[in-house]
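The values are calculated or read from the model by the stated rules, or taken from the named source; none is laboratory data. Fair warning: this is a prediction, and the values are worked out from it, not measured in the lab. Please note that ligands, DNA and RNA were not included when accessible areas were found on the heavy atoms of the full protein model with its side chains. Shrake-Rupley method; radii C 1.70, N 1.55, O 1.52, S 1.80 Å.
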Amino acid sequence: MNIVCAKTTALAAAAAALAATALLATAATADAVPDPSSAGSSVGGIHLHYNDVPLGLTVTIYDDDNPDGTAEVCHYASIGADGSFPFNGNAVLNGRGPGSIFIPGQPLGKKWHVTVLCSGTGESFDFSVNY
């Protein structure tokens, strides 16, 4: 029983140390929110806007090609250029939107590759953004 307790305590201490290191590493880049215009729009009608919020950011997705009153799911996927910190989420749009997704974490000042695919119109959008 003491071995399990010791391992649990060691894991908790290691997790706390990693969290503290991550907070220190990202504190200097707190204003590195992506410029909403940097995402631009796809060849079709997908538009994205980023907003910095406590503990992360919110990406808002619009699809100008989705008919009014029609629901669609847009899948957002991002991964660091070095393969780190993959994120996936879905936003539900009614008509052109908006649909929002919360992305947890603080800015790292890194480049992210992003793909958005909207099921209703079949539109997709690939781009890179610094965050």
With a ≥ b ≥ c taken as the square roots of the eigenvalues of the C-alpha gyration tensor of the stretch 48-131, please select rounded if a/c is under 1.5 and otherwise prolate if a/b is larger than b/c or oblate if it is not?
prolate
For a test of the definition: using alpha carbon positions, the gyration tensor, and the 1.5 limit on a/c, classify the stretch 88-130 as rounded, prolate or oblate.
oblate
Heavy-atom SASA rank of 93, 117 (probe 1.4 Å, accessible area, largest first)
117, 93
